[in-house]
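To keep things clear, I will list the structure first and then write my remarks on it.
The values are calculated or read from the model by the stated rules, or taken from the named source; none is laboratory data. All values derive from a computational prediction rather than experimental measurement. Here the Cβ is made from the backbone with ideal geometry for all residues, glycine too, and neighbour counts use every protein chain on show. Remember, those area values only see protein heavy atoms, side chains included, never the ligands or the DNA or RNA. Shrake-Rupley method; radii C 1.70, N 1.55, O 1.52, S 1.80 Å.
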Amino acid sequence: MRGYGRVMPTFRTTDDVALAYTDEGSGPAVVLVHGFTAPATAWILTVDALLAAGHRVVTFDRRAHGESETPSHGQRMARHGRDLGELLEHLDLSDVALVGASMGGNTLWAYVDQFGPARLSGVVVVDQTPKMLNDDTWPHGFYGYEPGNAATFFDHGVPQLDGGRTVDRSGPAVARLAERLGGFPSFRDSTAPETLPLLRDHALADWRDVVRRFPLPLLMVAGRESQVWSCEHAEAAVAGTAHGRALVIEDAGHAVSIDQPDRFNEVLLEFLGEVAPR
């Protein structure tokens, strides 16, 4: 399997799925978890910055993403969280910082919910609300997604919305990523039968109680111009947490680490400097 221009090693999960990963560098470990349909290669500019700063950096393609196998089973957030736990066990990682973007952020909560925080030093979630469904208790979900349409809202993948950062403004940033990779990262089809059930499961989950009880440093990052929900979700998510804080990155949409890689990497490295063992 090939990623970042080379063959990626794999490990096999307890339900017999081969997942591809990368493991580079030495020093305090950071695991980067990509979003829905994205490959691990989309993190390359952050990988570069972390390696230059002396970190061990691990990425992996979640099942039915990137170079990993595409089974029909296990397409739920709980299993994706377990896959992350089995990767940490496979690599025997401890005192690790987890960084998750979009659905990757809630994959982290699915991991913490099942395995707890014992292997972790801290968590960074990038533009992912802990609850997608808007209701009387939470107005910070996916735009237009409400109890009345919850059964069908994601039947055709992720709906295209009109607000937030426009595609043309992100063009130069995407071109920079593609130049570094030697081509555009390969995204999966959000409507494929192997991925659509995961999207539906993700959309109905509520991780607020896991976030609230998380006992380690937590940074919730939001893009000021996110196309999918308001940036206020980050501040609302950490309200009541003991060690959580929120940060909004300007001139960025939902794909914060792609739209503003230098600023995002600066924020991430500052956080890691506070939590990572040396």
Under a Cβ-only charge scheme (Lys and Arg +1, Asp and Glu -1), can you give me the dipole magnitude of the chain about the Cα centre, in debye to the nearest 20?
340
Debye, to nearest 20: dipole size of region 98-162, +1 on Lys, Arg Cβ, -1 on Asp, Glu Cβ
360
Restricting to the chain, compute how many DSSP beta bridges are antiparallel as a %, nearest 5.
30
Mean separation of Cα pairs under 8 Å and 6+ residues apart, divided by the residue count of region 12-275: what relative contact order is that in percent?
21
Leaving out ligands, DNA and RNA, what percent of the accessible area of region 12-275 is carbon and sulfur, probe 1.4 Å?
49
Placing unit charges on C-beta atoms (Lys and Arg positive, Asp and Glu negative, everything else neutral), compute the dipole magnitude of region 51-145 about its Cα centre in debye, rounded to 20.
40
Alpha-carbon spread of the chain, three principal axes, descending order, Å:
48, 40, 39
Phi-derived 3J(HN,Hα) across region 244-254 with the Karplus relation (6.51, -1.76, 1.60, θ = phi - 60°), rounded Hz, x for Gly and Pro, is x, 9, 10, 9, 9, 9, 6, 6, 9, x, 4
At a 1.4 Å probe radius, which order do His243, His80, His156 fall into by accessible area, largest first?
His156, His243, His80
Between Cys231, Leu120, Gly171, whose Cα lies farthest towards the positive end of the dipole of the chain when Lys and Arg beta carbons carry +1 and Asp and Glu beta carbons carry -1, centred on the Cα centre?
Leu120
Might you tell me the accessible area per residue for region 84-223, computed with a 1.4 Å probe and given in Å²?
45
